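Q: Take this structure first; my questions come after.
The values are calculated or read from the model by the stated rules, or taken from the named source; none is laboratory data. Fair warning: this is a prediction, and the values are worked out from it, not measured in the lab. Note that each Cβ is placed from the backbone with ideal geometry, even for glycine, and that neighbours are counted across all protein chains shown.
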Amino acid sequence: KLHSWGGWASVLGVVVQATIGPFKYAQKMRAATSLVKAAPFMTWHGKFGVFVFLLGGFTLYMATVFWTWPSNYEFLIRFFLFAQAASVLALYFGLHATFAGATTGDEGSPLLAEHIDGGL
């Protein structure tokens with residue numbers, strides 16, 4: 001049951017993200033061509049995206065618990081799911097934020113979380 005509910009929640013989250021994303025992009029493009037700075041717009045979108053991504057990974061993990069897999073496949077699937085979750089969390093909390101070019105402004109301290117949630 002947990003796998004089913006997690007799957008449906010993941011699908012709903014992806015639909016929400018896919019609906020909001022174009023609106024944020026359009027707002028950002030309008031602000032880029034305007035002299036007036038745009039007000040922050042749906043700042044929860046970035047955090048929610050990380051949550052949806054991790055929820056999808058957790059739902060796949062739950063599938064590996066009750067499906068019958070050869071043990072070497074099960075290990076590989078779980079390993080890559082945990083690696084995916086670790087890399088998303090590392091990016092979100094700023095361990096590799098220089099890749100995204102996000103800085104806080106005080107001597108270039110990288111924080112991708114601010115880049116995701118800041119601005120528009």
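Q: Looking at segment 53-89, which of its residues are hydroxyl-bearing (Ser, Thr, Tyr) and either out of contact with any His (no Cβ under 7 Å at 6 or more places or on another chain) or exposed (fewer than 15 other Cβ atoms within 10 Å of the Cβ) (or both)?
A: Passing the criteria: Tyr61, Thr64, Thr68, Ser71, Tyr73, Ser87.
Q: Determine whether segment 41-63 contains at least one residue that is assigned to a loop (DSSP other than H, G, I, E, B), more than 25 Å from Ser4 (Cβ to Cβ), free of Cβ contacts under 8 Å to residues at least 12 places away in the same chain and of a type in the set (A, V, I, L, M).
A: no
Q: When you check Ser34 against the structure, is it loosely packed, with under 14 Cβ neighbours inside 10 Å, of a type outside the set (A, V, I, L, M, F, W, C) and either at pLDDT 85 or above or part of a helix (DSSP H, G or I) (or both), yes or no?
A: no
Q: With the structure loaded, tell me whether Phe23 is in a helix (DSSP H, G or I), modelled with pLDDT of 85 or more and over 22 Å from Leu91 (Cα atoms) or whether it fails that test.
A: Yes; evaluated as a whole, the condition is true for this residue.
Q: Can you say whether Leu91 is at pLDDT below 85 and in a helix (DSSP H, G or I), as far as the supplied structure shows?
A: yes
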